[in-house]
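> Supplied in structure tokens, the structure appears directly below.
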Amino acid sequence: MEELLTTPEVAKILHVSPDYVYKLYHAGQLKPVKIGRLKCRRSAVDDFIRRMEGKDATDPFNIIEWEGGE
């Protein structure tokens, strides 16, 4: 069975807050499963990282191409 990550674990992997991970869930960028608490498949997190390469995901409801800089 594939590894399921809790929201705090996803946040740690992405170096963001758990609140931001919830925003990703609500924006449809990450698809969680609810088994007691929300969890996310590790492969979904890896896929999200691949999809966001070259993009600015500061606002998960408005993903844009990254234009360089910080």
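> Under 5 Å between amide hydrogens, which residues at least 5 positions from L30 or on another chain qualify, with H placed 1.01 Å from N in the peptide plane?
The answer is Y25.
> Expressed as a whole percent, how much of the Cα-Cα distance distribution for the chain exceeds 19 Å? Show your work: numbers first, answer last.
On the way: 690 of 2415 pairs.
Every Cα pair in the chain considered, those over 19 Å come to 29 percent.
> Would you mind calculating the relative contact order of the chain from Cα pairs under 8 angstrom and at least 6 residues apart, reporting the percent as a whole number? Intermediate results must be reported in sequence, preceding the final value.
Values: 66 pairs, mean separation 20.0, N = 70.
This gives 29 percent for the chain.
> From the phi of every residue in the range 40-47, what ³J(HN,Hα) in whole Hz does the Karplus formula 6.51 cos²θ - 1.76 cosθ + 1.60 yield, where θ is phi - 60° and glycine or proline is x?
Along the range 40-47, the couplings run 9, 5, 4, 5, 5, 5, 4, 5 Hz.
Every number in this text was worked out from the coordinates using simple rules, so none of it is lab data. Please read these numbers as outputs of a predicted model, since none were measured by experiment.
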